[in-house]
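Q: Have a look at the structure that comes next, please.
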Amino acid sequence: MKTSHTLSPLSCEFTNAELSDSRRTARLEQIADQAAAAPDASLPDRAGDASQLEGTYRFLNNSHVEPEAVLAPHQQCVVSRAQAAGVVLVLHDTTDFGFGGEARQGLGVLRGKTAGFYAHFSFCVGLDGRPLGTLGLHAWMRQSEPKGKRSQQHANYDPDRESLRWPEAVHRCEELVQGHAQAIHVMDREGDCFEWLADMVEHEHRFVVRVTHDRRLDADRKAKDVGKLYESLASAPVLVEREVPLSPRKQVVGRPPNKERFPDRKMRIARLAMRATTLEISPGNGSALHLPARLKLNFVEVTELDVPEGEAPVLWRLVTTEAVQTAEQIASVVDIYRRRWQIEEFFKAIKTGCRYEDLQLESGRALLVALPIYAAVAWRMLLLRWLDRHEPGAPAEQVLNKSQLAVLLAVRKREGKPLPAAPTVHDAMTAIARMGGHLSQNGPPGWRVLGRGMNKLLEMEIGWLAATGEVVEDDAINL
């Protein structure tokens, strides 16, 4: 049995789509390959001619094509990759998509009266950070902006409250991977809700969630002057110190600023101190009465030492079901949470790399049908960059099949810069990036240039197979 991994055309992610008509599936595959070949191009530029463009519009506007049915085959591929990994991280987060210009039928309202919708993604990665794809996606239209804060009772018992997307996403992902892989769910501060934590504990789901509430440590809701989480956690001894790189961060142009929670920062190497302990937390006085009186969980606090002047210090408090008895276990929990940043990169790939918000489609429904396709394109972009940066020394055969490697060898030989006799993944990715227009003086290639190069290679492979009459037989796991 082969153990290599093959990069296939993106259409392979949608081959098993059940759309009640094989012609619809064929059109979906075609749209996916066109999007992968030119992620940031407009639909007319990708289609090439009027008939192909009309076919694209007919598919995206077809009332018989549901967004869930478009996503489903990609989810199946993600589950297969998760099964090969064994244990995976499921990164949960919400983003919004705004669309300017003329009014679109069926769109909701975002902050600032912009037309658009919200989408909650569950993005799957390996423990090593290898992007595996979108495991869950829930989108909704908000018909009006929220008007102030709701009562605690309404927030606790409203069956239609938007926050339910967090536990529902966990359950949907668990149903998909059950019997195939173990999932560790990773969430930022919005996922820190006593009710959701209790639900995951009850169902024995694993998680790492960033803490945002300083909770009580006494189950008696009438008790006063009770111990609190933050103080108890801060008194635990430091067991790990480590230096980690922090990426630069700026407020996104066109988005409401949030400098209190996400202040601007320059790139730096931060020295972090980590401590951990096990505590029993209790719900607040205004919490729903059906919640358990206590939850026994593990907590990790990460603080930055020697903070540069003018910079906001790193301060993470994490709650988890993962063990924290040793320095290695504590560091592992922190590393798991640091993977959460990949979903931000995923959102950036959809919005910036694919220019999804520039789509000129007439309805919100058509945009929702297109979103799973763009999510798959964004995943492929991130995967190519990950392979180049994290498996540079592996044999190129682990990511390219025989014909793809033959094409790449021929191209580089023609350019007078032949590949080594036994090329590595880095050799292959460097050559692919060059095909996408990358210049070596610009530093390591990013996901956009690698995506362009990969799709040129796939196009050349089709011609190569036609000219040589070869048939690719590969039982490898498709990435």
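Q: Treat every Asp and Glu Cβ in segment 206-339 as -1 and every Lys and Arg Cβ as +1, leave all other atoms uncharged, and give the resulting dipole magnitude about the Cα centre to the nearest 20 debye.
A: Using only the charged Cβ atoms, the result is roughly 580 debye.
Q: Something else about it: Label segment 66-141 by shape, choosing from rounded, prolate and oblate, from the square roots a ≥ b ≥ c of the eigenvalues of the Cα gyration tensor; if a/c is under 1.5 it is rounded, and otherwise prolate applies when a/b is larger than b/c, oblate when it is not.
A: prolate
Q: Rounded to the nearest 20 Debye, what is the dipole magnitude of the chain about its Cα centre when Lys and Arg each give +1 and Asp and Glu each give -1 at the C-beta?
A: 1080
Q: Expressed as a whole number of Å, what is the distance separating the alpha-carbon centroids of segment 299-346 and segment 449-471?
A: Computed from Cα coordinates, the inter-centre distance equals 42 Å.
Q: Something else now. What FRET efficiency comes out for H64 versus E311 if R0 is 41 angstrom and r is the Cβ-Cβ distance? Round to the nearest 0.05.
A: After rounding to 0.05, the efficiency reads 0.15.
Q: With N set to the residue count of the chain, report its C-alpha Rg divided by 2.2 N^0.38 Å to two decimal places.
A: Expressed relative to 2.2 N^0.38 Å, the Cα Rg reads 1.05.
Q: When averaged across all projection directions, what area in nm² does the alpha-carbon convex hull of segment 284-346 cover?
A: The number I arrive at for segment 284-346 is 7.5 nm².
Q: Say each of T277 and Q178 gets a label point 7 Å from the Cα, pointing the same way as Cα to Cβ; how far apart are those two points in nm?
A: Calculated label separation equals 3.8 nm.
Q: Mind jotting down the distance between the C-alpha centroids of segment 273-294 and segment 386-409, whole Å?
A: So the two Cα centres are separated by 48 Å.
Q: Given a cut-off of 28 Å, name the pairs among K413/K456; K348/K413; K113/K351; K224/K296; K266/K348; K113/K266 whose C-alpha atoms lie farther apart than that in the structure shown.
A: Distance filter (> 28 Å) returns K348/K413; K113/K266.
Q: Still on this structure, please answer the following. Nearest 10 degrees, 0 to 90: what angle lies between the long axis of helix 327-338 and the longest principal axis of the chain (Cα atoms)?
A: 60
Q: Which angle from 0 to 90°, rounded to the nearest 10, does the C-alpha axis of helix 165-177 make with the longest principal axis of the chain?
A: 50
Q: Let me ask something else. Could you state the per residue volume, in Å³, of the convex hull enclosing the Cα atoms of segment 206-339?
A: Cα convex hull per residue, to the nearest whole number: 150 Å³.
Q: Could you rank the peptides 81-88, 10-17 by their average count of other C-beta atoms within 10 Å per residue, with the highest value first?
A: Put in order of decreasing packing, that is 10-17, 81-88.
Q: Taking every pair of Cα atoms in segment 323-479, average 1/r, invert it to obtain the Kirkwood radius, and report Rg/Rh to two decimals.
A: Using Cα coordinates only, the ratio equals 1.05.
Q: For segment 398-448, what log10 I(q)/I(0) values come out of the Debye formula at q = 0.24 1/Å, with one point per alpha carbon and no solvent?
A: Values, matching the q order: -0.96.
Q: Between Rg and the Kirkwood Rh of segment 1-111, both from Cα atoms, what is the Rg to Rh ratio?
A: That ratio equals 1.01.
Q: Oh, and also: Between A467 and A41, what is the label-to-label distance in nm when each label sits 7 Å out along the Cα-to-Cβ direction?
A: 2.1
Q: At 1.567 mPa s and 4 °C, plugging the Kirkwood radius over alpha-carbon pairs of segment 365-445 into Stokes-Einstein gives what diffusion coefficient in µm²/s?
A: 93
Q: Would you mind checking the tilt of helix 22-37 against the longest principal axis of the Cα atoms of the chain, expressed as 0 to 90 degrees and rounded to 10?
A: That works out to roughly 80 degrees.
Q: Under the 0.36 nm per residue contour assumption, what length would be gained going from the current alpha-carbon distance of T212 and S51 to full extension?
A: Working it through step by step, the gained length comes to 52.7 nm.
Any read-out appearing in this document is the output of simple, stated calculations on the displayed coordinates, not a laboratory observation. Small disclaimer: the values here were computed from a predicted structure and weren't measured. Here the Cβ is made from the backbone with ideal geometry for all residues, glycine too, and neighbour counts use every protein chain on show.
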